[in-house]
1. If the Cβ limit is 6 Å and pairs must be 6+ apart or interchain, which residue in the stretch 110-132 that is under 15 Å from Val66 (Cβ atoms) pairs with which residue that is surrounded by 13 or more Cβ atoms within 10 Å (Cβ to Cβ) and acidic (Asp, Glu)?
2. Based on this model, can you work out whether Thr73 counts as surrounded by 13 or more Cβ atoms within 10 Å (Cβ to Cβ), β-branched (Val, Ile, Thr) and at pLDDT 95 or above?
3. Could you name every one of the strands (runs of 3 or more DSSP E) located completely within the stretch 1-94 that has at least 2 residues being in contact with a Leu (Cβ under 9 Å, 6 or more places away or on another chain) and not hydroxyl-bearing (Ser, Thr, Tyr)?
4. Which residues, counting only those in the stretch 113-127, are loosely packed, with under 13 Cβ neighbours inside 10 Å and of a type in the set (Asp, Glu)?
5. I'm trying to understand the selection: among the residues of the stretch 52-84, which are among the basic types (Lys, Arg) and closer than 13 Å to Gln105 by Cβ?
6. Which condition does Ile7 not pass, out of (1) surrounded by 11 or more Cβ atoms within 10 Å (Cβ to Cβ); (2) under 18 Å from the mean Cα position of the chain (by Cα); (3) over 19 Å from Phe122 (Cα atoms), if it passes all the others?
7. Quickly run through the stretch 95-112 and pick out the residues that are assigned to a loop (DSSP other than H, G, I, E, B) and in contact with a Phe, Trp or Tyr (Cβ under 8 Å, 6 or more places away or on another chain).
8. Would you please name the residue that is farthest from Ser115 (Cα to Cα), looking only at residues in the stretch 13-43 that are loosely packed, with under 12 Cβ neighbours inside 10 Å and of a type in the set (S, T, N, Q)?
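The values are calculated or read from the model by the stated rules, or taken from the named source; none is laboratory data. All figures in this text were calculated on a predicted structure; none of them were measured in a lab. We place every Cβ from the backbone using ideal geometry, glycine too, and count neighbours over all the protein chains shown.
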Amino acid sequence: MNGTDVIIKVNTGTDIAPVWVSVGKQQGAKLSEKVGYIDESSKDAMERAGSAGRYEGSLSLDALYVPSDTAFTYLKTSFRAGTKVQVEIEEAGTPTEKAMAVITQMDTEWPDQDSATISATFDLDGAWVALP
């Protein structure tokens, strides 16, 4: 699949009446997931033993800076207010997963003689929900 076919959207509406809006001029996105390791080793064996621990996921997004973009404005307002947001991953026009998240970082860059950009990091509150 071409990365161009994957779009990140945010719900600017409500759970009851969602309004999914693409973050404008996206250039890249990255999903990171990990599970902690619970060490259950003991003196009885030399080998390490363990179980899966707490799951955590994060999503990062890079886009061109468009100050009038509805999704960007919503994210900026939510970030500054400390409000959770609902994000969705869409692949080839089909929504595949959604999750609640806390925006933990937002950066805006205005370099000389280059495109202005934004980046945002979302730490999941819970897990991804697969969409039918």
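1. Cβ pairs passing all conditions: Ser119/Asp62.
2. When the stated conditions are applied, Thr73 passes them.
3. So the answer is 6-11, 26-39, 50-64, 85-91.
4. Asp114
5. Within the stretch 52-84, Lys76, Arg80 meet the criteria.
6. (3)
7. Trp110, the sole residue that qualifies.
8. Ser42
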